[in-house]
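Reviewing the structure listed below.
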Number of protein chains: 2
Amino acid sequence: MKFQPPRGTRDTMPEDMIRLQYVLDTARKFFELYGFEPLDTPAFEDWKLLAAKLGGGEEIKKEIYYFKDKSSRELGLRFDLTVPLSRVVASTQLPKPFRRYAIGKVWRYDNPGASRWREFWQADADIVGSSSSEADAEVISVACAILKALGFDDFIVRINNRKITESFVRSLGIKNCVDVFRSIDKLGKIGEAGVKKELKSKKIPSEQMEKILDFVKIADINKIENLDGAGELKDIISSLGGYAENIKVDMSLVRGLEYYTGTVFEISVPSGRLSLSVAGGGRYDNLVQALGGSPAPATGISLGVERIVEVLKESGTLQLPRTPSKVYIASIGDVKKDVAETAKKMREAGVACEFDVMSRDLRKQLEYANAKSIPYVIVIGEKEIKSRKVRLRNMKSGVEKEIELDGLEGLMQLSNYKE
Amino acid sequence: MKFQPPRGTRDTMPEDMIRLQYVLDTARKFFELYGFEPLDTPAFEDWKLLAAKLGGGEEIKKEIYYFKDKSSRELGLRFDLTVPLSRVVASTQLPKPFRRYAIGKVWRYDNPGASRWREFWQADADIVGSSSSEADAEVISVACAILKALGFDDFIVRINNRKITESFVRSLGIKNCVDVFRSIDKLGKIGEAGVKKELKSKKIPSEQMEKILDFVKIADINKIENLDGAGELKDIISSLGGYAENIKVDMSLVRGLEYYTGTVFEISVPSGRLSLSVAGGGRYDNLVQALGGSPAPATGISLGVERIVEVLKESGTLQLPRTPSKVYIASIGDVKKDVAETAKKMREAGVACEFDVMSRDLRKQLEYANAKSIPYVIVIGEKEIKSRKVRLRNMKSGVEKEIELDGLEGLMQLSNYKE
């Protein structure tokens with residue numbers, strides 16, 4: 001009887017977890033630099049709240065982990081961090097604007113596949129209470145700053161205002177705008193021919209079809225100035241001045257249809273020959289009210305943490321330690337007390353270390369330190385205790401050096417210690 | 001239609017979340033200083049795994065959030081971090097000892113009450129693969145170091161080895177040891193009279209009863225030297241030398257009966273007139289094998305994060321900022337570009353700041369900064385842009401000072417900036 005993680009989920013082993021934590025820590029650092037406040041909400045919610053995003057339908061049950069508690073309350077694991085935020089805003093008096101960030105897991109009952117998991121992390125920043133384009137620019141900026149800090153210089157922010165595409169489609173006399181959006185949204189996946197085929201089956205006349213496909217290729221905001229929403233889009237782009245070369249206007253970007261009301265954006269990074277979407281978001285001005293609150297405009301961005309971690313792992317740009325310990329204190333003979341004392345001093349000096357708790361011989365201790373990729377080893381025996389000198393071994397280079405035992409912690413404290 | 005968090009759960013609003021994060025960050029820092037590696041596992045597990053802790057019984061379903069996924073897999077939200085760790089060790093080849101930490105939420109279907117939540121945080125450190133008392137001492141030490149760093153100096157570590165109490169009870173000719181343990185475990189709650197009543201109903205003769213009650217009062221390890229397990233206990237206490245005044249031998253401590261096999265410990269802190277348990281753990285040498293793995297001795301400690309946060313909040317010893325922003329950049333007139341530039345410089349210098357995104361007048365902006373408890377405000381208008389001088393206001397003291405706009409970020413960087 002051996003157990004595995006449930007289907008669609010996985011364990012994150014230490015080496016990967018160190019990378020994941022680095023990304024989460026970076027996100028948090030920048031969220032806070034931009035004045036966003038942390039908010040935590042439960043892992044599960046009233047299923048009706050989760051359904052509200054889709055207009056209250058039962059169909060949400062197919063996409064989430066739905067269950068009843070022992071009092072027959074109908075619950076579901078949250079599928080994003082936006083709906084819980086909107087619930088909190090709808091039911092609480094908070095000074096506005098509310099800049100909030102949230103970092104946590106969400107769950108979706110998708111078909112698991114390569115890089116598709118039923119449990120995954122999100123890191124979100126949202127501003128509730130402001131309808132201004134400066135708020136959109138702030139949430140986009142913070143995501144850009146995070147990606148830059150993680151070493152991505154060539155990310156692309158695609159941005160649109162759904163109102164623009166909508167008013168153009170409507171101007172062609174087409175009423176089922178949402179149907180058209182659903183097909184346009186697939187442009188990157190199924191290509192122009194695929195979209196045409198879909199639009200045809202949706203009874204869009206070919207003349208209009210061509211016009212739509214031409215329109216969504218427009219990448220110059222100045223060519224659509226007269227359309228509803230273009231002013232907002234222009235304002236955001238101008239507020240994002242610092243990232244001018246990363247911004248790309250994209251009239252084909254419409255994103256998930258559930259709650260976005262205007263501005264939408266998506267950030268992608270190159271990964272080999274592909275371009276991977278690592279963040280996305282937009283403006284959702286009606287959600288708080290739909291959940292029973294006073295009307296509150298809102299905008300936000302969500303980072304796809306696992307995607308970012310994956311690209312960083314593949315590119316190998318991020319060099320992180322494989323284990324927290326910087327020093328392994330190996331021992332020969334019965335020097336437990338001295339080892340414990342040395343460890344205590346190191347830890348108090350902020351140097352992560354560990355020592356043998358298996359009463360192993362020196363060779364096995366060194367094998368362990370090596371298997372763990374602990375960068376440095378010192379060896380303490382009775383001789384070393386007497387002489388107050390120990391050997392310090394750099395496990396990567398193999399270089400050994402004799403140094404004073406007293407004050408060792410100060411030496412190892414140096415982040416740039418080189419032998 | 002307003003939604004609340006599901007029964008037994010709650011939202012953690014920014015001010016409380018900042019405190020909670022501080023505790024989690026402190027725990028993580030010390031876990032890593034002690035060489036523990038991070039491991040993350042899914043929120044839910046195969047329910048049979050969760051049940052294994054109790055010997056595989058259906059009764060676990062009453063205590064957990066149990067549900068089926070859409071393929072009728074029987075799952076449950078994890079109720080601790082120890083069982084998932086043991087699953088990982090049972091099914092993976094890992095260098096031993098495995099020092100792992102985990103920080104995450106767990107869920108129990110308890111009756112909610114004052115300070116009892118169905119969703120709560122745990123922060124755990126465990127060492128798998130070592131049966132030595134040094135491993136027990138390491139997990140106790142790291143918890144002590146965390147509590148000390150959080151400002152608790154007067155915590156008490158109660159410690160026992162269940163084998164000692166067990167061998168004494170057996171030496172009296174009593175066979176239903178577990179029944180006796182269940183009663184002894186309640187000594188703190190129901191008192192000596194209560195325990196006596198229970199033991200009587202369990203048919204323990206009064207002579208033996210008196211002997212048991214005398215025995216569990218022994219607080220001197222030297223008085224029980226000849227009993228099984230006493231040597232181990234002595235070794236741990238001697239390894240914990242640095243915390244000698246915090247350690248208390250307690251023969252009445254037996255803790256939850258599920259998986260502990262020997263050493264058990266509990267750490268409590270004074271809170272008003274009460275003493276609150278904030279951490280606990282012990283040795284569980286059989287769990288990995290029970291889950292299908294090769295035998296692997298293990299020991300660990302779990303911090304009750306919410307309890308710690310609560311005590312810190314009540315005592316008021318921990319002074320943390322109420323919001324991440326250190327500076328609010330208020331503006332008069334159309335100086336958006338300059339405000340954005342100032343914010344950019346500050347953020348790049350590591351100074352958290354925010355600015356108006358609501359086009360509010362100065363009074364409203366200051367009201368907002370005040371409501372958020374942002375410590376400093378600077379005011380930028382056209383005059384300030386020309387003169388390159390701004391007013392910097394300490395929101396607490398009310399003191400205002402004129403300073404140079406250029407280089408402001410360097411000044412605000414100082415963690416000890418005083419006007």
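Miscellaneous remarks
- If you go through region A:243-281 and keep only what is in a strand (DSSP E or B) and free of Cβ contacts under 8 Å to residues at least 60 places away in the same chain, you end up with A:SER271, A:LEU274, A:LEU276, A:SER277, A:GLY280.
- On the stretch given as region B:359-377, residues that are more than 16 Å from A:TYR34 (Cα to Cα) and of a type in the set (A, V, I, L, M) total 3.
- Selected residue (criterion: nearest to the other protein chains (Cβ to nearest Cβ)) from residues of region B:302-323 that are surrounded by 14 or more Cβ atoms within 10 Å (Cβ to Cβ) and among the acidic types (Asp, Glu): B:GLU306
- Residue within region A:173-181 that is closer than 22 Å to A:VAL83 by Cα, at pLDDT below 95, assigned by TED's automatic domain parsing to the domain that holds A:VAL305 and not hydrophobic (A, V, I, L, M, F, W, C) present: no
- Which listed residue, of B:LEU77, B:LEU85, is crowded, with 22+ Cβ neighbours inside 10 Å, over 21 Å from A:ALA352 (Cβ atoms) and of a type outside the set (S, T, N, Q): B:LEU77
- Candidate set: region B:25-44, residues that are hydrophobic (A, V, I, L, M, F, W, C) and farther than 30 Å from B:SER71 by Cα; chosen: the one farthest from the other protein chains (Cβ to nearest Cβ): B:ALA27
- Filtered residues of region B:66-98 (kept if facing chain A (nearest Cβ under 9 Å), of a type in the set (Gly, Ala, Ser) and touching a helix residue (DSSP H, G or I) at 6+ places or on another chain (Cβ under 6 Å)): B:ALA90
- Qualifying residue in region A:362-371 (condition: within 22 Å of A:ARG99 (Cβ to Cβ), surrounded by fewer than 20 Cβ atoms within 10 Å (Cβ to Cβ), charged (D, E, K, R) and modelled with pLDDT of 95 or more): no
- Of all the criteria given as (1) touching an Asp or Glu at 6+ places or on another chain (Cβ under 9 Å); (2) closer than 22 Å to A:ALA343 by Cα, the one not satisfied by B:LEU172 is (2).
- Residue in region B:45-65 that is surrounded by the fewest Cβ atoms within 10 Å (Cβ to Cβ), counting only those that are touching a strand residue (DSSP E or B) at 6+ places or on another chain (Cβ under 8 Å) and within 8 Å of chain A (Cβ to nearest Cβ): B:LYS48
- Screening A:LEU85 on (1) farther than 22 Å from B:SER325 by Cα; (2) among the aliphatic types (A, V, I, L, M); (3) outside any loop (DSSP other than H, G, I, E, B) shows it passes everything except condition (1).
- Cβ pairs under 6 Å, 6+ apart, first in region A:1-24 and closer than 15 Å to A:SER115 by Cβ, second charged (D, E, K, R): A:GLY8/A:ARG118; A:THR9/A:ARG118; A:THR9/A:GLU119; A:THR12/B:ASP40
- Where A:PRO297 falls short, out of the listed (1) assigned by TED's automatic domain parsing to the domain that holds A:GLU402; (2) in contact with a Lys or Arg (Cβ under 9 Å, 6 or more places away or on another chain); (3) not polar (S, T, N, Q): (1)
- Per this entry, A:ARG7 is not counted among residues that are at the interface with chain B (Cβ under 9 Å from one of its Cβ atoms) and out of contact with any Lys or Arg (no Cβ under 8 Å at 6 or more places or on another chain).
- Region B:11-24 - residue that is surrounded by fewer than 19 Cβ atoms within 10 Å (Cβ to Cβ) and outside any helix (DSSP H, G or I) and, of those, nearest to the other protein chains (Cβ to nearest Cβ): B:ASP11
- The residues listed here are A:LYS326, A:LYS337; of these, the one that is within 12 Å of chain B (Cβ to nearest Cβ), closer than 30 Å to B:SER141 by Cα and surrounded by fewer than 17 Cβ atoms within 10 Å (Cβ to Cβ) is A:LYS337.
- Output for region A:282-301, where each listed residue is part of a loop (DSSP other than H, G, I, E, B), in contact with a strand residue (DSSP E or B) (Cβ under 7 Å, 6 or more places away or on another chain) and more than 14 Å from every other protein chain (Cβ to nearest Cβ): A:TYR284, A:ASP285
- Failed condition for A:GLY35, given (1) part of a loop (DSSP other than H, G, I, E, B); (2) farther than 22 Å from B:LYS326 by Cβ: (2)
- So A:ARG388, is it under 16 Å from A:LYS336 (Cα atoms), exposed (fewer than 13 other Cβ atoms within 10 Å of the Cβ), assigned by TED's automatic domain parsing to the domain that holds A:LYS336 and not small (Gly, Ala, Ser): yes
- Only one of B:ALA114, B:ALA137, B:ALA149, B:ALA143 that is of a type in the set (Gly, Ala, Ser), surrounded by fewer than 21 Cβ atoms within 10 Å (Cβ to Cβ) and under 30 Å from A:ASP338 (Cβ atoms): B:ALA149
- Pick from region A:340-385, criterion of a type in the set (Lys, Arg), within 8 Å of chain B (Cβ to nearest Cβ) and without any contact (Cβ under 8 Å) to a residue 24 or more places away in the chain, ranking: farthest from A:GLN413 (Cα to Cα): A:LYS344
- Residue match in region B:136-159 (condition: touching a helix residue (DSSP H, G or I) at 6+ places or on another chain (Cβ under 7 Å), at pLDDT below 95 and hydrophobic (A, V, I, L, M, F, W, C)): no
The values are calculated or read from the model by the stated rules, or taken from the named source; none is laboratory data. All values derive from a computational prediction rather than experimental measurement. Glycine gets a Cβ as well: all are built from the backbone with ideal geometry, and neighbour counts include every protein chain shown.
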